[in-house]
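A.B. asks: Take a look at this one; I'll ask things after.
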Amino acid sequence: MTIPESIGQQTCRDCLAGKDLGFAIEMAFQPIVDIKTQSIIAYEALVRGPNGEGAGWVFERVTHDNRYYFDQACRVKAIETAAGLGCKEFLHINFLPNAVYSPETCIQATIEAADLYGFDLTKLVFEVTEGEEIISKSHLQRIFSSYSARGFQTAIDDYGSGYASHQWLVELRPHILKLDRTLIIDIDQHPKKQQEVKQVRAQCELQGTRILAEGIETEAEMRTLAELGVRYMQGYLFARPEFKGLPPVEFPSMS
């Protein structure tokens, strides 16, 4: 696919300024925790409007014409904001695979942003954005391979909903697999869901993929997942996203 000249000339400074995007964006951050060590291991950057408007407000303004620029602007804003907040943990950044014309071009903008703001490139994790319908599996494989070759980690988000399936897990071999909230909700009351998590965890262990449960809201969900061998978690039980901030976590008792 040929990259339009105007896209190829964009830099991370342009993205930060919101050039050609048509609206301003900011970031909120939600922690990802390791319940075994009771520590925060990462933060996920979540796009917000300039005054904290939710992701829905933002995506209403994303069009076919600006989605590539939006994808670039989000990663630059996430890196700039996280660095400014002193984030030393891993940083999860969502990306729109259908907007990535060339992985190599996007990687260069990412490297430029990390260099500009002094953020450790080895701490970046790129995950497929929620609800994104993948047009081409081979295109996504190329993106994952390009990111991995540069030392970035990759993640499949929302496993158990939408396009994500066992076949995608095996073929894409992400560093991290995030279990969707639909699989997590009330898992303590659903043996079938527990069995599914066991099966997914077995495949992840086989291929060296870390499993992460998102959308944890109750202590019962947390304890059940821990019993199933899931140690990495994210959700309101630990902390809600904080607008332009890195929220701390108070860990619930595991007993």
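The values are calculated or read from the model by the stated rules, or taken from the named source; none is laboratory data. For clarity, every value in this text was computed on a predicted model and none was experimentally measured. Using ideal geometry, Cβ is built from the backbone for each residue, glycine included, and neighbour counts are taken over all protein chains shown. When the accessible area is computed, the model is the full protein with side chains, heavy atoms only, and any ligands, DNA or RNA have been set aside. Shrake-Rupley method; radii C 1.70, N 1.55, O 1.52, S 1.80 Å.
A.B. asks: So how compact is segment 12-240: Cα radius of gyration and Dmax in angstrom?
C.D. replies: Answer for segment 12-240, Rg first and Dmax second: 17.2, 51 Å.
A.B. asks: If R₀ is 30 angstrom, what is the calculated FRET efficiency for the pair residue 96 and residue 117, using the beta carbon separation as r and rounding to 0.05? Can you show the working numbers first?
C.D. replies: Working: r = 22 Å, r/R0 = 0.73.
So the FRET efficiency works out to roughly 0.85.
A.B. asks: Another question, if that's okay. Could you tell me the distance between the Cα centroids of segment 205-228 and segment 49-77, to the nearest Å?
C.D. replies: Each part's Cα centre sits 30 Å from the other's.
A.B. asks: Past 19 Å, Cα to Cα, is the threshold; run 137/193; 36/244; 88/123; 77/123; 137/198 against it and keep the listed order.
C.D. replies: Pairs exceeding the cut-off: 137/193; 36/244; 137/198.
A.B. asks: Charges on Cβ only, +1 for Lys and Arg, -1 for Asp and Glu, centred on the Cα centroid of segment 176-255; of 197, 234, 209, which one is farthest towards the dipole's positive end?
C.D. replies: 209
A.B. asks: Quick one: what are the phi-derived ³J(HN,Hα) couplings along segment 169-181, Karplus 6.51/-1.76/1.60 with θ = phi - 60°, whole Hz, x for glycine and proline?
C.D. replies: Computed from phi, the couplings for segment 169-181 are 4, 5, 6, 7, 6, x, 5, 9, 10, 9, 6, 5, 4 Hz.
A.B. asks: Could you look at segment 12-240 and say what percent of its accessible area is carbon and sulfur, using a 1.4 Å probe and all protein chains?
C.D. replies: 47 percent
A.B. asks: Work out from phi, with θ = phi - 60° and the Karplus expression 6.51 cos²θ - 1.76 cosθ + 1.60, the ³J(HN,Hα) of each residue of segment 196-204, listed in order in whole Hz, and give x for Gly and Pro.
C.D. replies: 5, 5, 4, 5, 5, 4, 4, 5, 4
A.B. asks: If amide H atoms are built 1.01 Å from N in the plane of the peptide, which residues on other chains or at least 5 residues away come under 5 Å of the amide H of residue 44?
C.D. replies: Correct list: 30, 32, 92.
A.B. asks: If you place +1 on the Cβ of every Lys and Arg and -1 on the Cβ of every Asp and Glu, how big does the dipole about the Cα centre of segment 12-240 come out, in debye to the nearest 20?
C.D. replies: The calculation lands at about 440 debye.
A.B. asks: Could you please put 192, 137 in sequence from largest to smallest accessible area, using a 1.4 Å probe?
C.D. replies: Highest to lowest solvent-accessible surface, that is 192, 137.
A.B. asks: Sticking with this structure for a sec: Please list 41, 216 in order of solvent-accessible area, largest first, computed with a 1.4 Å probe with all protein chains present. Could the numbers behind the result be given before it?
C.D. replies: Details: 41 55, 216 0 Å².
Sorted by accessible area, descending: 41, 216.
A.B. asks: Taking all protein chains together and a probe of 1.4 Å, list 139, 166, 64, 190 from the most accessible to the least accessible.
C.D. replies: Ranking 139, 166, 64, 190 by accessible area, largest first, yields 64, 166, 190, 139.
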